[in-house]
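FYI, it's all coordinate maths here, none of it is from the lab. Remember, predicted model here, so these are calculated numbers, not experimental data. Quick reminder, even Gly has a Cβ in these numbers, built from the backbone with ideal geometry, and neighbours come from all protein chains shown.
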Amino acid sequence: LTGLGFNVVRYAGADRYATALAIADALGNPSTVMLATGVNFPDALAAGPAAAHVGGVVLLTDGSTLPASVSAYLTAHPGTVYAVGGPAVSADPSATPLTGADRYATAAAVASGLFSSPNTAGVASGVAFPDALSGGAFQAHFAGPLLLTDPGTLPASTSTYLSGAKASIVTTSTFGGTAAISAAVQTAIGTALGLS
């Protein structure tokens with residue numbers, strides 16, 4: 001990257017929580033915060049594009065515990081705080097909850113709660129993080145939510161969200177091959193959007 005002329009900057013902390021805070025600092029310490037557990041990946045994947053959409057940042061909880069450093073950030077930067085997923089809601093009960101019965105419903109809750117009439121939506125596997133991680137950056141660029149699916153079956157919560165938003169959605173991206181999102185799920189996405 002340096003050879004191509006890019007200036008490479010490392011954003012790092014002593015642990016994942018401190019690294020998230022270093023990124024927040026590099027972004028100018030936004031006062032809109034998406035809290036998500038740092039001990040599992042799905043909630044943070046849905047939170048990433050949403051944070052970009054609202055000009056915020058993703059900070060991590062230690063499961064259902066709010067690290068002292070994150071608590072200090074929230075005190076120093078009062079604003080709007082969303083708790084994405086059950087563990088984050090437990091970590092900060094005063095935050096606006098965006099959660100569902102499972103990872104799929106939580107991603108749909110984030111999409112419903114923070115994206116008004118999106119013209120794009122992305123879908124990635126909710127059982128492994130790589131496709132959703134890259135796809136989340138893509139969705140952030142195009143101001144659309146990232147939804148999650150089981151590889152073999154489109155969850156009812158994801159289908160319901162897509163059906164409800166189909167009037168505004170012009171494009172949909174699926175991230176990953178057929179092992180990550182089966183042809184049956186791809187068909188179900190089209191059906192939810194009224195395309196088949």
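Among the residues of the range 153-196, those identified as farther than 21 Å from A143 by Cβ, hydroxyl-bearing (S, T, Y) and part of a loop (DSSP other than H, G, I, E, B) are T153, T178, S182, S196. When we screen D102, D92, D62 for residues that are within 27 Å of I169 (Cβ to Cβ), more than 12 Å from the chain's Cα centre (by Cα) and surrounded by 15 or more Cβ atoms within 10 Å (Cβ to Cβ), the only hit is D102. Of the residues making up the range 2-56, those that are of a type in the set (S, T, Y), out of contact with any strand residue (DSSP E or B) (no Cβ under 7 Å at 6 or more places or on another chain) and part of a helix (DSSP H, G or I) number 2. Cβ-Cβ contacts under 8 Å between residues 6 or more apart (or on different chains), taken from a first residue in the range 11-28 that is touching a residue at least 12 places away in the same chain (Cβ under 8 Å) to a second residue that is in a helix (DSSP H, G or I) and of a type in the set (G, A, S), are listed as Y11/A22; Y11/A26; Y17/S69; A18/S69; L21/S69. For the range 67-83, a residue qualifies if it is surrounded by fewer than 23 Cβ atoms within 10 Å (Cβ to Cβ) and either among the acidic types (D, E) or within 19 Å of the chain's Cα centre (by Cα) (or both), and the qualifying residues are T80, V81.
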